[in-house]
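Take a look at the structure below.
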Amino acid sequence: MAETRNDVQLLVGTHKGGFRFTSNTDRKEWELHGPFLKGDDVNHLILDLRNEPTLIACVTTMMGGSRIQISRDFGNSWESPESDIKFDENSVHSLKRIWYIAPGNKHEPDALYAGVDPAALFKSEDSGNNWYEINGLTNHPTRDKWQPGMGGMMVHSICIDPGDKNKMHVGISAAGTFYTEDGGQNWEPRNKGVLADFLPDKFPDVGQCVHHMESHPAKPGVLYQQNHCGVYRSDNSGVEWVDISEGLPARFGFPLVIHPHDPDTIYVIPEQAPEFRCPVDGEFAVFRSKNRGEHWVRLDKGLPNKDAYLNIYRHAMTTDDYDPCGIYVGTSTGQILYSRDEGDS
C-alpha cells in the first residue's frame, strides 16, 4: 500500500500479472489499472517513493524463471536490472523464486533488499539495477537444520532498523528469525520461546516456521510474528518471544500487519491449521489487538462469515496511512476486501 499524487495506490500481485487500484482519500470509488506483466506470477509488488516513484515487482514465469522488474511510469513500461539476482556460478544453490522486496532505511535511500528461495538475502545499492548476495546469511553455520515449508525455504520478511542500516531481522520459513547488527556479515538466531511443535525438540535454536514478521518504525525493538505455531511478540529485538495467541480461534495463520500510527495495534487472520488453511469454520474474520496481543477483538462486519473457504497468503494484508486507516485483504480466490475504519466494518 502506498500514497502518491494525492491518491491511494493499492498494489495487487496475482498469478496472472499485477494490478494497481487508485482512489482519492475517501476511498469509496476505485479505478483499476492493468493488468501489467501479463501472465507473470507477481509474488510481491512495491511502490518505492524515496526518490523517483518506482514500481518494483518480483515475478516468476515457467520458462524465464524468477527476476526483478522495474517501472518508473506506474506500470506502463517495465525494464530489467542491469544484473539479475542470482547465486554465484560456483554456489551449491540455484535461484527458485524471489519472494520479497524491502526498501532500505533513510540512511540508504538507494538500497533495496530481496529475500529469495532457497533462503538467502540479496542487496542492491543503486535502486535495483545491480545486486549482490549477503553471504553471511547463506553460509550460516545452522543452515543444515533449516527445512522448506510447503511454499519452499525462503526469506520472506525483512525488518530494517529505521535508525541503523546495519541492524536487521529476517524471517525464514522454516528456519526462524535471524538478526544482524553488522550489515549482514554475522547473523544470530533469535527464536527463544517460539514453538516448533512439528519437531522433536519443541523449542529449538533454529527450525521454527515463521510465516510473517513485522516491526513498526516508532518501536523498532518490538517485533511481531505470525508463526506456524502461534502469534508472538518480542519486546527486546527478538532475544525472547512471548506467545500472544490466547483469545484467537486458531494459532495458525499467515498475514500480520501493524497499525500505521499505533505500534501497539496489530491485525491477524487465523486459519484452521495446517492442512485446511481456511478461516475457522468457514467464518471469515480479522482479529485486532490494541494492546500488543494481550486482548483480541473479532472484526467481521461485512466480511463473508459463512462457507468462506478462502486462503489468505502471507503478504495479502496491508494498510494505508490515513486516519482512520484502511485495512486491505486479498484472498487466494481473487477477492479484495477492505475497511475504511480500521477494521470496524
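The values are calculated or read from the model by the stated rules, or taken from the named source; none is laboratory data. All figures in this text were calculated on a predicted structure; none of them were measured in a lab. No Cβ is skipped: glycine too gets one built from the backbone with ideal geometry, and neighbour counts run over all protein chains shown.
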Looking at the stretch 37-60, is at least one residue buried (at least 16 other Cβ atoms within 10 Å of the Cβ), in a loop (DSSP other than H, G, I, E, B) and over 22 Å from the mean Cα position of the chain (by Cα)?
no
Output the residues belonging to the stretch 175-208 that are more than 21 Å from the chain's Cα centre (by Cα) and among the aromatic types (Phe, Trp, Tyr).
PHE198, PHE203
The residue that is nearest to MET213 (Cα to Cα), considering only those in the stretch 133-143 that are touching a strand residue (DSSP E or B) at 6+ places or on another chain (Cβ under 6 Å) and of a type outside the set (D, E, K, R), is LEU137
Which is at pLDDT 95 or above and either in contact with a Pro (Cβ under 7 Å, 6 or more places away or on another chain) or more than 26 Å from LYS165 (Cα to Cα) (or both), of ASN135, ASN51, ASN129?
ASN129
If a residue must be more than 22 Å from ASN236 (Cα to Cα) and under 20 Å from the mean Cα position of the chain (by Cα), how many such residues does the stretch 256-284 contain?
8
ILE70: buried (at least 19 other Cβ atoms within 10 Å of the Cβ) and either modelled with pLDDT under 95 or among the β-branched types (Val, Ile, Thr) (or both), yes or no?
no
Hey, ALA102 hits all of (1) surrounded by 16 or more Cβ atoms within 10 Å (Cβ to Cβ); (2) in a helix (DSSP H, G or I) but one; which does it fall short on?
(2)
Among the residues listed as GLU82, GLU31, the single one being over 27 Å from THR142 (Cβ atoms), over 16 Å from the mean Cα position of the chain (by Cα) and either free of Cβ contacts under 8 Å to residues at least 24 places away in the same chain or crowded, with 16+ Cβ neighbours inside 10 Å (or both):
GLU31
